[in-house]
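Novice: Supplied in C-alpha cells, the structure appears directly below.
Every read-out reported here was derived from the displayed coordinates using simple, explicitly stated rules and does not represent laboratory data. All of these numbers come straight from a predicted model, not from anything done at the bench. Cβ atoms come from the backbone with ideal geometry, glycine included; neighbour counts cover every protein chain shown.
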Amino acid sequence: MAAEHITGLKRKIRLLEVERKVCYDRHEAAIMKNQELIHQLREDNRRLHRKLAGAHARDEQVIRAAFQNRARERETYRNKSVKEIIGTLDDCVLSNRKRLNALKHGTEIYERRREELKMEYRRMKPEHSVAPPGVRTLKKEENAMNLRVLENSLEKSQFKCKEAENIMIDYLKLKSHLQVSPAFLVKRKTLSAPSPVTVCVIYF
C-alpha cells in the first residue's frame, strides 16, 4: 500500500514537472516574441523619425524659398508644415477678401455722396441760384469744404482698398508657390489619408 502511494506521488511529481516545463517554455516564447516586437517597434520608430525629419527639412526649404525677404512672416510660420501654412493662408485670403469687400462698399458710398455734393455745388452757382449773395457764398464754401473732406476720405478708402488687394494677391502668390513646391507635391501623392499634422497675420 505504501509502495503504491509512493508511486502515485512520483507520478504526480513528474506531471507537475512536465507542466512546469511547458509553462516555462511558454513564458520564454512569449518573452522572446515581445522582445522581437519591441525591437521591431523601435526600428519603426527610428524610421518614422527619419522620415519626419526629412519631411520637416523639405518643408523648411520650401518655406525659406517662399518667404524670402519676409523675416517677420517666416518667424510667424515657424515650426509649421507646408500644409498647415497653406491652410492658414486660405484663412488669411478669406479674411482679407471680406475686408476688401467692406472697403469697396464704403468707397462706393463715399463716391455717391461726392457726386451728390458736386451736384449741390453746381446748383449753388449764381446762374442756378436765387438765394442772396451772402447766403449763397456761405453755402458754397460749406459745400466746398464738405467736398474736400469727402474727397480726402475717398482717397484714403481707395488707398486701403488697393492695399488690401495687394495683400490678398501676395497671399495667393505665396499659396501658389507652396502648392507647386516639390515637397508639397510629393506629400500629396504619397499621403492618401489626411494626417493630423490658424494664425492670420496681415501687415499694414
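Novice: For a test of the definition: using alpha carbon positions, the gyration tensor, and the 1.5 limit on a/c, classify region 1-66 as rounded, prolate or oblate. It would help to have the intermediate numbers written out before the result.
Specialist: Numbers: a/c = 16.86, a/b = 13.01, b/c = 1.30.
Taking the square roots of the gyration eigenvalues as a ≥ b ≥ c, region 1-66 is prolate.
Novice: Give the order of 168, 119 when sorted by the count of other beta carbons within 10 angstrom, beginning with the fewest.
Specialist: Values: 168 19, 119 10.
Final ranking by Cβ density, sparse to dense: 119, 168.
Novice: OK, next. Quote to one decimal, in nm, the extra length available between residue 101 and residue 153 on full extension: 0.36 nm per residue of separation minus the C-alpha distance between them.
Specialist: Values: separation 52, 0.36 × 52 = 18.72 nm, distance 1.69 nm.
Difference between extended and current length: 17.0 nm.
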